[in-house]
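The values are calculated or read from the model by the stated rules, or taken from the named source; none is laboratory data. Just so you know, these numbers come straight off a predicted model, no measurement behind them. When we count neighbours, we look across all protein chains shown, and the Cβ atoms used for this are built from the backbone with ideal geometry, even at glycine. For the accessible areas, the whole protein counts, side chains as well, though only heavy atoms, and no ligand, DNA or RNA atoms are used. Shrake-Rupley method; radii C 1.70, N 1.55, O 1.52, S 1.80 Å.
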Amino acid sequence: MALTAAGFCEGRRVLLCVTGGIAAYKTPELVRRLVKAGCEVEVILTRAAEKFVAPLALSTLSGRRVWREEDLLSEEHGFEIPHIRLAEWAETVAVAPCTANTAAVLAQGRADGLTGAVFLAARVPVVIFPAMNTHMLEHPATQENLKTLAGRGARIVEPAAGALACGEAGRGRMPEPEEIAEEIFRALTPQDMEGLHVLVTAGPTREYLDPVRFISNPSTGRMGLAMARGAWRRGAEVRVVLGPVDPPCSLYGFEVLPAVSALEMRDAVMSSLPWAQIIVKAAAVGDYRAKKRAERKVKREGREEVSIELVQNPDIAAEVGRAKRPDQILIGFAAETDDLLRNARSKLERKGLDAILVNDVLASGSGFASETNTLRLIGRSGEDESFSGLKEDVARSVWDSLAGRGLFPRC
Ligand SMILES: Cc1cc2nc3c(=O)[nH]c(=O)nc-3n(C[C@H](O)[C@H](O)[C@H](O)COP(=O)(O)O)c2cc1C
């Protein structure tokens, strides 16, 4: 069994440049998240940034000293040549928040401070998170600078719209630490799915019997969303058809199409089918729905027993299997309670899947509502591989395995 590696960010090296915008107050939380994920984090603060966030908070959370602009030319650190050492050390550089001023410094290629000098010396993916007042952001000078930086290969993460610290509302907000961390994890991941369109279904469906009662299952969507996250981190564009759940994790970066019933989920999947190159069917779709849904709440008075007539829902995976183009890859999930392999292999054949992931939902630490999972991946030629661990780690290993089998379509 291929046990998944603990914490894919273990020992990954992130250089975080914090500049002097009000959003700098969010950076201690960002550092905490990165460190929790296993990253090593070095922080550079501009002089202005020191006015907005305490260096001591950042050094405490990163467990390392904090670098300052003047360290570029300090006698104390000069022997280390900090800008070269940091640039060579880092696996990714993030500028969060990036002020209008720092965007100008970086676009001009100035090296009169540590941030600018490191930026020029670094040969790794750079992610920039502009955050400022809307007018500053929309000014042609700032837009030109950001365009220049994007043209030179930096990833510019569009600031969100919302209430800004200056009292105005508009575009310019820095994303939340969880979202910035996701962008950094993506920058640390080889982009072997760059540009691929991945459609994932996740979560349960609900089949309403009357306006207040439904038949459903305990799916939380965690495994499907972990597959979606894994593909997104590898550079894919991800669309998620999501059943009715309180999402157990961030949906950042996904296009989400909500669907409640199996019929709604079928419609959402089929209308996205021409767009998708890889389809992952991880939702726990109800097999049956009420033949007749009551318009009004069914009262208990005078009814000792009730029977519900159920009719079969469409088999979405089979429908996709029949409709898909030869260049599309279909990956299914099977939640089984017995005869796992035989049932999974027959499902693979019957539904025209390219691979199936089967889990024993009765096993402890596996299946519905669990943070961990044990899955077997079965391909068309019968090959079979097992993965166990946190769902996020299992999903990453599954993508690794699919990539290794040459299953990704060409963009
Ligand atoms: C209260 C306050 C908040 C500020 N917030 C921002 C901001 O969110 N974004 C920005 O680009 N500049 C902001 N500025 C202006 C920068 O701090 C200023 O341009 C500074 O020179 C940036 O230096 P740095 O890029 O070296 O960090 C703010 C200034 C003040 C006084």
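The figures follow:
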{"item": "The listed residue being at positive phi, in contact with a Ser or Thr (Cβ under 9 Å, 6 or more places away or on another chain) and open to solvent by less than 60 Å² (accessible area, probe 1.4 Å), out of 286, 235", "result": "235"}
{"item": "Residues of the range 244-283 satisfying the condition of being open to solvent by 60 Å² or more (accessible area, probe 1.4 Å) and part of a strand (DSSP E or B)", "result": "255, 258"}
{"item": "Complete set of residues in the range 43-70 that are away from the ligand (no atom under 13 Å from the Cβ), open to solvent by 10 Å² or more (accessible area, probe 1.4 Å) and either closer than 18 Å to residue 131 by Cβ or out of contact with any Asp or Glu (no Cβ under 9 Å at 6 or more places or on another chain) (or both)", "result": "54, 55, 56, 57, 59, 60"}
{"item": "Residue list for the range 127-146, filter: of a type in the set (A, V, I, L, M, F, W, C) and either in contact with a Phe, Trp or Tyr (Cβ under 6 Å, 6 or more places away or on another chain) or open to solvent by less than 70 Å² (accessible area, probe 1.4 Å) (or both)", "result": "127, 128, 129, 131, 132, 137, 141, 146"}
{"item": "Criterion violated by residue 193 - all others in (1) farther than 30 Å from residue 262 by Cα; (2) part of a loop (DSSP other than H, G, I, E, B); (3) touching a residue at least 40 places away in the same chain (Cβ under 8 Å) satisfied", "result": "(1)"}
{"item": "Those residues of the range 120-140 which are in contact (Cβ under 8 Å) with a residue 40 or more places away in the chain, outside any strand (DSSP E or B) and within 14 Å of the ligand (Cβ to nearest atom), in sequence order", "result": "131, 132"}
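Residue-wise test of (1) assigned to a loop (DSSP other than H, G, I, E, B); (2) touching a helix residue (DSSP H, G or I) at 6+ places or on another chain (Cβ under 6 Å).
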position	(1), (2)
147	no, no
153	yes, no
162	no, no
165	yes, yes
170	no, yes
175	yes, no
180	no, yes
186	no, yes
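Results for (1) open to solvent by 40 Å² or more (accessible area, probe 1.4 Å); (2) touching a residue at least 60 places away in the same chain (Cβ under 8 Å), shown as yes or no for each residue.
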residue: 148; (1), (2): yes, no
residue: 154; (1), (2): no, no
residue: 169; (1), (2): yes, no
residue: 198; (1), (2): no, yes
residue: 202; (1), (2): no, yes
